[in-house]
1. Using Cα centres only, tell me the gap between region 233-312 and region 448-467 in whole Å.
2. Here are some pairs, K228/K267; K395/K486; K236/K486; K186/K395; which of them have Cα atoms lying more than 18 Å apart in this structure?
3. So what is the accessible area of region 351-446 per residue, in Å², with the probe set to 1.4 Å?
4. Within 12 Å, Cβ to Cβ, of A331, how many net charges do the neighbouring residues add up to if Lys/Arg are +1 and Asp/Glu are -1?
5. Within the accessible area of region 193-490, what % is carbon and sulfur when the probe is 1.4 Å and the other protein chains stay in place?
6. Using the Karplus curve 6.51 cos²θ - 1.76 cosθ + 1.60 with θ = phi - 60°, what ³J(HN,Hα) values do you get for each residue of region 316-322, in whole Hz, with x for Gly and Pro?
7. Using modelled amide H (1.01 Å from N, peptide plane; none on Pro or chain starts), what sits under 5 Å from the amide H of R375, excluding residues fewer than 5 places away?
8. Over region 204-262, give the accessible area per residue in Å² for a 1.4 Å probe, as an integer.
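The values are calculated or read from the model by the stated rules, or taken from the named source; none is laboratory data. Computed from a predicted model, the values in this text were never measured in an experiment. Ideal geometry is used to build each Cβ from the backbone, glycine not excepted, and the neighbour counts take in all protein chains shown. The accessibility values were calculated without ligands, DNA or RNA, using every heavy atom of the protein model including side chains. Shrake-Rupley method; radii C 1.70, N 1.55, O 1.52, S 1.80 Å.
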Amino acid sequence: EVQKHSVHTLVFRSLKRTHDMFVADNAKPIPLDEESHKVKMAVKLRTEYRSVLHMPTLKENLREKGGSNTGDLYGQKQYSGNQGQELEYLITGTHPYPPGPGVALTADTKVQRMPSESAAQSLAVALPASQSRLDANRTAAGVGDIYRHAGISERSQPPGMSVAMVEAGGNKNSALMAKKAPTMPKPQWHPPWKLYRVISGHLGWVRCIAVEPGNQWFVTGSADRTIKIWDLASGKLKLSLTGHISTVRGVIVSARSPYLFSCGEDKQVKCWDLEYNKVIRHYHGHLSAVYGLDLHPTIDVLVTCSRDSTARIWDVRTKASVHTLSGHTNAVATVKCQAAEPQIITGSHDTTIRLWDLVAGKTRVTLTNHKKSVRAVVLHPRHYTFASGSPDNIKQWKFPDGNFIQNLSGHNAIINTLAVNSDGVLVSGADNGTMHLWDWRTGYNFQRVHAAVQPGSLDSESGIFACVFDQSESRLLTAEADKTIKVYKEDDTATEETHPVSWKPEIIKRKRF
């Protein structure tokens, strides 16, 4: 049965419970432990300020702390700049001496001559300045000194500042002078590009495009599962190839043999013999949709990339899978090959770009600067550089180690494709149908194009999936979501006077990441 308590007991218990609840103030800061604080500060001094610890403290600090310095408070040794040195010259007159021979030197008998005030002043002027005075007179440790003591060259100083060391009258002062900030160089003038032909014939989105090495025809792959070959000069359809059972995502024509390679969302990679217009080889191995492919320029090797997070290297003749390049953690959207190292470059939806060692089948470098999916990569035909496209930025990189060059900002859309020609015209095509043209060297955006969709299409079907220059680099072909192929050429009538570069020498604001 329940035990009954008096009102007095119940009230007392309630009070005790309330007291226990509120007696511990958890929001109250923990009292500072002096010993642990000293250890913490000593560690911080060593790790963060080791390179400047030996340098002299400011004059104000010397006066306030009576010659001691910050290091003494936290168990550090005194700065070597002040070791064994007087802080000031002290004019004390002569040493005490007895008044005569045989007289003991005591406090009562000692004699000490003090110089007059004028003599003390003249003596002070004649004396050389003490090291501590020189150090204390310095406004602060010079930027150049700090960098030198830290073992860093002065070229690594923060941009926009230069240091001029002035020595006069025995005092070494550091003067900070503002240097002119770097400005973007004037971009090369490029004539604007204009649309001059729209080719229709596909029944679905045109997902990929490639021009054959002889520059006579080009090939497209589409969501209607067909591959079509078109005459480049007239834009007329020459041939349709069927065989894929899902969207064709990549096509490329070999320069070494009469073969056309294609890949699609049906996980298939096919080799077509263009003399018979038939599939002669299949490359089996990918576990999901194959998003892109490229041929090695000097050896018979095919590289494909897939939604299964891998890229695969195939021997064209034997159909053998030479390497499976694994390391990406999401779909690999694009792959490019080159003869120089690194021979394979991939961009992925995991936001990284990887440069691969073809012989070992392993990653050489992983570039993690992008914050969003990398759907497009393009290699410059002449320079040892490449660019990558992502919704956050287009970035330019140097081979072989993937050193960052610059950002090309302004194309705020999902960038599906990039193309560049020998003149340094970089083209970026986006999911919303916009196309931006850039000067490769300076990153200047000299033209923006948004072509109208094909009549009968929805405005939402405005999208560019792929773009490529022809072999003469005088034509630009785009594969679009309105089921058309659009062909652009340079405006022959344009001059630098009629289309001037609207460029201002603004200060470069290059974000690293």
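1. Centre-to-centre distance over Cα atoms comes out at 26 Å.
2. Beyond 18 Å: K228/K267; K395/K486; K186/K395.
3. Working: 3290 Å² over 96 residues.
Using a 1.4 Å probe on heavy atoms only, each residue of region 351-446 averages 34 Å².
4. Values: positive: R249, R307, R375; negative: E265, D308, D350.
Once positives and negatives cancel, what remains is 0.
5. Values: 5310 of 11480 Å².
Taking all protein chains in place, region 193-490 shows 46 percent carbon and sulfur surface.
6. With the stated coefficients, region 316-322 comes to 4, 6, 8, 6, 7, 7, 6 Hz.
7. Result for R375 returns G389.
8. Values: 2270 Å² over 59 residues.
Averaged over the residues of region 204-262, the accessible area is 39 Å².
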